[in-house]
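We did not get these values from a lab; they are worked out from the coordinates using the rules stated. This one's a predicted model, so the numbers in the text were calculated from it and none came from an experiment. Don't worry about glycine lacking a Cβ; one is built from the backbone with ideal geometry, like all the others, and counts go over all protein chains shown.
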Amino acid sequence: MIVAITNQKGGVGKTTTAINLAAALAMKGLHTLLVDLDPQANSSMSFVDVHALERSVYDALVDPAVAFEDVIVPADKTQSLAVAPANIALAKLEAKLLGELDGHFRLKDNLETVKDRYDYVVIDTPPTLGLITVNALVAASHVIIPIQSSYFALEGTDDLLETIDKVKARAHPALQILGAVITLYDKRTLLAQDIQNEIRKVFGNKIFKTVISKSVRLEESPAYRESIFTFAPRSSGAYEYYKLSEEVLSRV
Ligand SMILES: Nc1ncnc2c1ncn2[C@@H]1O[C@H](COP(=O)(O)OP(=O)(O)OP(=O)(O)O)[C@@H](O)[C@H]1O
Ligand SMILES: [Mg+2]
């Protein structure tokens, strides 16, 4: 399974979900590759020292002389997890691939060369619906959509679903939405229940049962280059992301 974690809204928990889902799968002994397609490189930084790296995904995507396997590095503190890191150069990708006939397929073609080595591939995407995110959707077998539990949570969802439909229609009919996960949930607010009901109206049974609560530990762990499972194994975040990984596995 290759799963893209996608939502063009910023700060909804894409990266937090990508890193901790990847870590949960790796913790089960499944060989997992985390591909970072966000020029901000937040998920790369959560597992490796990005300043020590010479190459990133960008190099493999634009330069046929750079093999995808040569940009992959092991995660520092998480066994069975490897990272294809991003860097700021990815911000140039869209301009670089403009007008290239295979522009939408670069990640798919690159992943093709390594995917047999991994049980699962998790792709973190930037908060846009541009060519980078389309590359992720074309390469993925499934999409997970993190939805922040907030009043404007569903704004922009139409555009996201339309983009997914376009990719299905023109490039990749088998692409499936695996589910939507409610993130940054705060049970103390009255609004939270209303919001959940609204989200349910749009996504119905695609909503994962597991809801990710607000947790300071989830915010802190990347700074220590750890997943929530080593940083705070007894926290609500560790429990919830573990439950989410079980649900993900049960749906594929
Ligand atoms: N469940 C949570 N509890 C507390 N803080 C969280 C939680 N999930 C995410 N955060 C924090 O909220 C911020 C945004 O989360 P994250 O980076 O995962 O979102 P994103 O969708 O990847 O953002 P971007 O669109 O910029 O890539 C980060 O500071 C992160 O640590
Ligand atoms: Mg992010």
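State the Cα centre-to-centre distance between the range 188-234 and the range 14-75 in whole Å.
When both Cα centres are located, 22 Å separates them.
Given the range 192-248, what whole percent of its Cα pairs are spread farther than 12 Å?
Details: 1088 of 1596 pairs.
Here the long-distance tail beyond 12 Å is 68 percent of all Cα pairs in the range 192-248.
Where both partners of a DSSP beta bridge lie in the chain, what percent of those bridges are antiparallel, to the nearest 5?
So the antiparallel bridges amount to about 5 percent of the total.
Taking a threshold of 23 Å on the Cα-Cα distance, which of the pairs Lys14/Lys201; Lys9/Lys77; Lys108/Lys168; Lys28/Lys77; Lys115/Lys209; Lys168/Lys206 fall above it? Don't skip to the answer; put the middle values down first.
On the way: Lys14/Lys201 21 Å; Lys9/Lys77 30 Å; Lys108/Lys168 14 Å; Lys28/Lys77 15 Å; Lys115/Lys209 29 Å; Lys168/Lys206 18 Å.
Violating the 23 Å Cα-Cα cut-off are Lys9/Lys77; Lys115/Lys209.
Compute the longest continuous run of the chain that contains no exposed chymotrypsin sites (Phe, Trp or Tyr not before Pro); treat a site as exposed when its DSSP state is not H, G, I, E or B and it has at most 12 other Cβ atoms within 10 Å. It would help to have the intermediate numbers written out before the result.
Details: sites that count: Tyr151, Phe152.
Value returned for the longest uninterrupted segment is 1-150.
How about the range 1-80: which trypsin sites (Lys or Arg not before Pro) there lie in a loop by DSSP and see at most 16 other Cβ atoms within 10 Å?
When the trypsin sites (Lys or Arg not before Pro) of the range 1-80 are filtered for loop state and at most 16 Cβ neighbours within 10 Å, Lys28, Lys77 remain.
Checking the a/c ratio against 1.5 first, then a/b against b/c, what shape does the Cα gyration tensor give for the chain?
It is oblate, given that a/c is not under 1.5 and a/b is not larger than b/c.
Taking 0.36 nm per residue of sequence separation and subtracting the Cα-Cα distance, how much length would be gained by fully extending the chain between Phe152 and Ala171, in nm to one decimal?
3.8 nm
If we count every other residue with Cβ under 13 angstrom of Phe231's Cβ, Lys/Arg +1 and Asp/Glu -1, where does the sum land? Before the final figure, lay out each step's value.
Working: positive: Lys77, Arg217, Arg225, Arg234; negative: Asp76, Glu219, Glu220, Glu226.
Net of charged neighbours comes to 0.
Would you calculate, for the chain, the mean residue ellipticity at 222 nm contributed by helices, counting each DSSP H stretch of 4 or more residues as -39,500 (n - 2.57) and dividing by all residues, to the nearest 500?
-11000 deg cm²/dmol, from helical runs alone.
Would you mind computing the Rg to Rh ratio of the range 121-252 from its alpha-carbon coordinates, Kirkwood style for Rh?
0.97
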